[in-house]
Amino acid sequence: MQKSLNKFILFLVAVAVLVGVDQWSKYEAMTKLGRSDAYPLIKNVLYFWYSENAGAAFGILQGKHIFFFIITVVVLAGILYLLFKLPNDRYYMPLLFCGSLIFAGALGNFIDRVVRNYVVDFIYFKPINFPIFNFADICVTVGTFLLFLCLIFVYKENELEFYKK
C-alpha cells in the first residue's frame, strides 16, 4: 500500500511540476511576446513566436473543441488506469515517467482549450519550418518517444501482462 501511494505521489508531483512549467511558459509568451514579431533565440534556427492554435498538431482540426475534449479525457483516464495497474516495482519507473510526461502535456494543452478555447504555442524551429509548438507538446512527444523505446528495447511482451489482470 505504501509503495502504491509513493508511486501515485511521485506521479502527481511530476505532473504538477511539468504542468506548472507549461502554464508559466505560456503566460510568459502571452505577456512578453503578444502580437509582436518573432524573437530570435538562435538566429535562423530557434525563435519565440506567439501563436494561438484552435486545432491540433500542425493546425489540423481547427475549432473541434468537443473532439479534443473527449480525446483528452480518454487519454488522461487511460494513463490513470495504467498507473493504478502498474506494479509497485522500480523496474517499471520508466513507464511511470513516460506516463507522467504524456499526462502533463495533454493536461497542459487541455487547460488552454478549456480556459482560452485555443492552445498557446510559441516555440518555432526554422531550419525545417516546423509548426510552432509549446512545452506541453514537447512533453507529449518526448514521453511518447521514450515509451516507444521502452516497449521496444526494455520490456518484453510477457513483462507487461499486468494491464490484463
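Annotation: per residue accessible area for the chain equals 62 Å², rounded to a whole number [probe 1.4 Å, protein chains only].
Think of the chain as having a plus end and a minus end, set by charges on the Cβ of Lys, Arg, Asp and Glu; of SER25, LEU82, ILE102, LEU82 sits farthest toward the positive end of this dipole. Near LEU86, no amide H atom lies under 5 Å from its own; only residues 5 or more places off or on other chains count, and H is placed 1.01 Å from N.
Heavy-atom accessible surface of THR141, to the nearest 10 Å², is about 90 Å², with a 1.4 Å probe and all protein chains retained.
Here's how it looks for GLY55: its modeled amide H is under 5 Å from those of GLY63, VAL119, which are all 5 or more places away or on a different chain.
Rounded to the nearest 20 debye, the dipole magnitude of the chain is 180 debye, with +1 charges on Lys and Arg beta carbons, -1 on Asp and Glu beta carbons, and the Cα centre as origin.
Measuring only protein heavy atoms, the 1.4 Å probe finds MET30 accessible over about 50 Å². When the C-alpha to C-alpha distance is required to be over 28 Å, the pairs from LYS126/LYS156; LYS85/LYS156; LYS32/LYS126; LYS26/LYS126 that qualify are LYS126/LYS156. Per-residue ellipticity at 222 nm from helix content only, as computed over the chain with -39500 (n - 2.57) for each DSSP H run of at least four residues, stands at -18500 deg cm²/dmol.
Sorting LEU41, LEU76 by solvent-accessible area of protein heavy atoms yields LEU41, LEU76, largest first, with a 1.4 Å probe.
For the stretch 100-107, backbone phi angles converted through the Karplus equation (6.51, -1.76, 1.60; θ = phi - 60°) give residue-by-residue couplings of 4, 4, 5, 4, 5, x, 4, 5 Hz, Gly and Pro being listed as x.
Helix 2-28 and the longest principal axis of the Cα set of the chain meet at an angle near 0°. When the Gaussian network model of the chain links Cα atoms closer than 10 Å, the mean-square fluctuations of PHE135, PHE153, PHE145 top out at PHE153.
Percent of accessible area on the chain owned by carbon and sulfur, 1.4 Å probe?
71 percent
Using a ≥ b ≥ c from the Cα gyration tensor of the stretch 91-152 (square roots of the eigenvalues), is it rounded, prolate or oblate, where a/c under 1.5 gives rounded and otherwise the larger of a/b and b/c decides, a/b for prolate? Because a/c hits 1.5 or more and a/b fails to exceed b/c, the stretch 91-152 counts as oblate.
Relative to the dominant Cα principal axis of the chain, helix 135-149 is inclined by about 40°.
The values are calculated or read from the model by the stated rules, or taken from the named source; none is laboratory data. For clarity, every value in this text was computed on a predicted model and none was experimentally measured. Every residue, glycine as well, gets a Cβ built from its backbone with ideal geometry; the counts of neighbours run over all protein chains shown. Remember, those area values only see protein heavy atoms, side chains included, never the ligands or the DNA or RNA. Shrake-Rupley method; radii C 1.70, N 1.55, O 1.52, S 1.80 Å.
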